[in-house]
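Please read the structure below before turning to the comments.
The values are calculated or read from the model by the stated rules, or taken from the named source; none is laboratory data. Everything quoted here is computed from the prediction, not taken from an experiment. Neighbour counts are summed over all protein chains in view; Cβ atoms, including those assigned to glycine, are modelled from backbone coordinates with ideal geometry. Just so you know, the surface numbers come from the protein's heavy atoms only, side chains and all, with ligands and any DNA or RNA stripped out. Shrake-Rupley method; radii C 1.70, N 1.55, O 1.52, S 1.80 Å.
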Amino acid sequence: MQQDHCVIIGGSHAAAQLVSSLRLNKWEGKITIVSADAFLPYHRPPLSKSYLSGEKTLDEIMIRPPSFYERSDIEVLLGTRVTAVDRANKKVHLDDQTDLPYTKLVFTTGAKVRKITIPGHNLPGVFYLRDLNDVDHIREYLGHAKKAVIIGGGYIGLETASALRSLNMDVTVLEALPRVLQRVTAPEVSAFYTRVHSEEGVNILTNAAVQSIDGKYKVESVTTADGQVIPADLVVVGIGVIPDVELAEQAGLKVDNGLVVDEFARTNDHDILGAGDCTNHHNPIYDIQLRLESVQNATDQSRVAANTICGKLEPYRALPWFWSDQYDLKLQIAGLSQGFDQVVVRGSTETGRSFAAFYYKEGRLIAVDAINRPKEFMTCKRALAEQKTANPELVADETVDIQAAFQL
């Protein structure tokens with residue numbers, strides 16, 4: 001009888017959680033991670049923060065040490081790519097011309113950077129920030145008083161700006177939209193981050209579409225659509241990511257803004273599962289299909305996938321939550337704010353560095369952005385999970401205890 005074999009494509013956070021959960025569930029089959037990366041799975045959030053600034057080393061951002069994989073009898077094929085999935089014969093083809101049979105296959109391929117194609121996009125000194133290699137190459141261009149231009153005013157762009165300012169670099173952020181973080185936060189939160197970055201010495205330009213990246217042998221400047229020329233020794237592009245699903249699509253799996261999976265992390269082929277940034281799944285709390293780019297989702301969905309592989313069908317029901325570290329700011333987000341029609345601010349966005357923005361839709365709380373407000377974050381996270389709401393006037397009144405406002 002053939003031994004059970006779980007093959008995992010992608011050495012992501014989801015992969016590290018999946019193999020751990022399989023062994024915790026006493027799954028005795030063979031486990032193989034096939035990763036194009038040269039490194040064992042590592043934490044990616046620090047890449048644009050503490051790893052970029054040099055505060056943390058590679059060993060410190062590893063999710064689990066090499067000894068874990070050896071002790072757990074997990075085979076890891078680093079620097080190896082899956083070139084095709086043969087569903088009929090239940091095997092994957094590798095780029096070394098060998099085949100790997102599977103009884104269960106899991107996609108944890110994550111996402112890849114959205115690239116620009118403007119003139120000069122391939123000049124030396126132009127980088128994306130997605131993996132360790134990216135950051136290691138960026139580090140070669142860092143230095144006191146050097147000039148960095150960041151294209152994109154989302155979380156990655158602003159976190160990178162924070163890290164580079166900590167190294168005393170001259171930083172300009174170019175955002176094509178009218179405000180930073182426009183797709184993910186309320187105007188009040190965008191204004192707060194613009195103020196803080198300005199206080200820290202970052203030059204933020206909005207409505208600043210990039211026309212070209214210029215230089216003879218390496219990047220020397222960036223030109224915007226309205227003719228501004230910004231000197232640059234380094235350019236970091238952070239304009240979002242797209243799910244890495246070409247392989248799944250070629251295998252005939254259902255793909256729609258990610259690999260479509262059910263509440264048990266299964267694809268339309270129930271011997272093939274998915275977890276993490278690459279998947280599109282149904283969230284029962286908001287009753288919508290969505291794809292999440294977060295450590296929380298990768299962790300929770302991988303646990304569900306492991307349970308499914310082990311024969312325990314427990315549906316995914318997690319509340320989405322996220323975080324972002326910039327300077328002395330700890331932003332914690334609970335829930336999804338898209339579609340809000342009311343924002344209630346507790347504290348001040350115009351002075352200081354601590355407040356919480358509560359998002360409502362049709363009178364119901366749907367999310368919170370809490371900056372240096374852990375109590376508001378934890379309270380709102382619990383309230384959302386229990387589908388409770390609170391009177392906006394009580395939430396805004398700092399003399400009212402936040403837990404009392406939600407009657408928790």
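As a quick test, which of the pairs LYS361/LYS388; LYS330/LYS375; LYS115/LYS330; LYS49/LYS146 have an alpha carbon distance above 23 angstrom in this structure?
LYS115/LYS330
Residues in segment 311-342, backbone N under 20 Å from the label point at ARG195 (7 Å along the Cα-to-beta-carbon vector): list them, ranges by number please.
In segment 311-342, the label zone of ARG195 (backbone N under 20 Å from the point 7 Å along Cα→Cβ) covers 324-333.
Given the DSSP H assignment, sum -39500 (n - 2.57) over each helix run of at least 4 residues in the chain and divide by its residue total; what's the result at 222 nm in deg cm²/dmol, nearest 500?
Helices in the chain give a 222 nm mean residue ellipticity of -6500 deg cm²/dmol.
How large is ³J(HN,Hα), in whole Hz, for each residue of segment 86-102 in order, when computed from phi with the Karplus curve 6.51 cos²θ - 1.76 cosθ + 1.60 and θ = phi - 60°, using x for Gly and Pro?
Taking θ as phi minus 60°, the curve returns 9, 5, 4, 9, 6, 8, 10, 8, 9, 6, 8, 6, 9, 10, 10, x, 9 Hz for segment 86-102.
Of the listed values [x] 214; [y] 205; [z] 151, identify the label whose number matches volume of the Cα convex hull per residue in Å³ calculated from this model.
Evaluating volume of the Cα convex hull per residue in Å³ on these atoms matches [z].
Top mean-square fluctuation among ARG71, ARG114, ARG44, Gaussian network model of the chain, C-alpha springs under 10 Å?
ARG71
Would you list which lysines come within 21 Å of LYS104, measuring only between C-alpha atoms, while excluding same-chain residues fewer than 8 positions from it?
Correct list for LYS104: LYS26, LYS30, LYS90, LYS91, LYS254, LYS312.
In terms of the Cα gyration tensor, with a ≥ b ≥ c the square roots of its eigenvalues, is segment 145-247 rounded because a/c is under 1.5, prolate because a/b exceeds b/c, or oblate?
rounded
Can you list the HN-Hα couplings for segment 109-126, worked out from phi with the Karplus curve (6.51, -1.76, 1.60; θ = phi - 60°), rounded to whole Hz and with x for Gly and Pro?
Once θ is set to phi - 60°, the couplings for segment 109-126 become 7, x, 9, 10, 5, 7, 9, 9, 10, 6, x, x, 5, 9, 5, x, x, 9 Hz.
Which of the three applies to segment 318-362, rounded, prolate or oblate, going by the alpha-carbon gyration tensor with a ≥ b ≥ c and a/c under 1.5 meaning rounded?
Cα axes put segment 318-362 in the oblate bin.
With every protein chain left in place, what is the accessible area of SER337 in Å² (1.4 Å probe, nearest 10)?
10 Å²
Name the long-range amide H neighbours of ILE63: under 5 Å, sequence gap of 5 or more, or other chain; modelled H, no Pro or chain starts.
Amide H neighbours of ILE63: TYR42, HIS43.
Would you mind telling me the antiparallel percentage of the DSSP bridges in the chain, rounded to 5?
Here the antiparallel bridges make up roughly 60 percent for the chain.
For segment 139-246, give the share of DSSP beta bridges that are antiparallel, in percent and rounded to the nearest 5; count only bridges with both residues there.
35 percent
Of LEU47, LEU273, LEU177, which is the most mobile in a GNM of the chain whose springs link Cα atoms less than 10 angstrom apart?
Per the Cα network of the chain with a 10 Å cutoff, LEU177 tops the list.
Kindly work out what percent of the DSSP beta bridges joining two residues of segment 221-290 are antiparallel, to the nearest 5.
Counting only bridges with both partners in segment 221-290, antiparallel ones make up about 80 percent.
Could you give the length gained on full extension between HIS121 and ASP96, defined as 0.36 nm per residue of separation minus the Cα-Cα distance, in nm?
Roughly 5.9 nm would be gained on extension.
For the chain, report the accessible area per residue in Å² (1.4 Å probe, heavy atoms, rounded to an integer).
Per-residue value: 44 Å².
Taking springs between alpha-carbon atoms closer than 10 angstrom, which of THR117, THR109, THR349 fluctuates most in the Gaussian network model of the chain?
THR117
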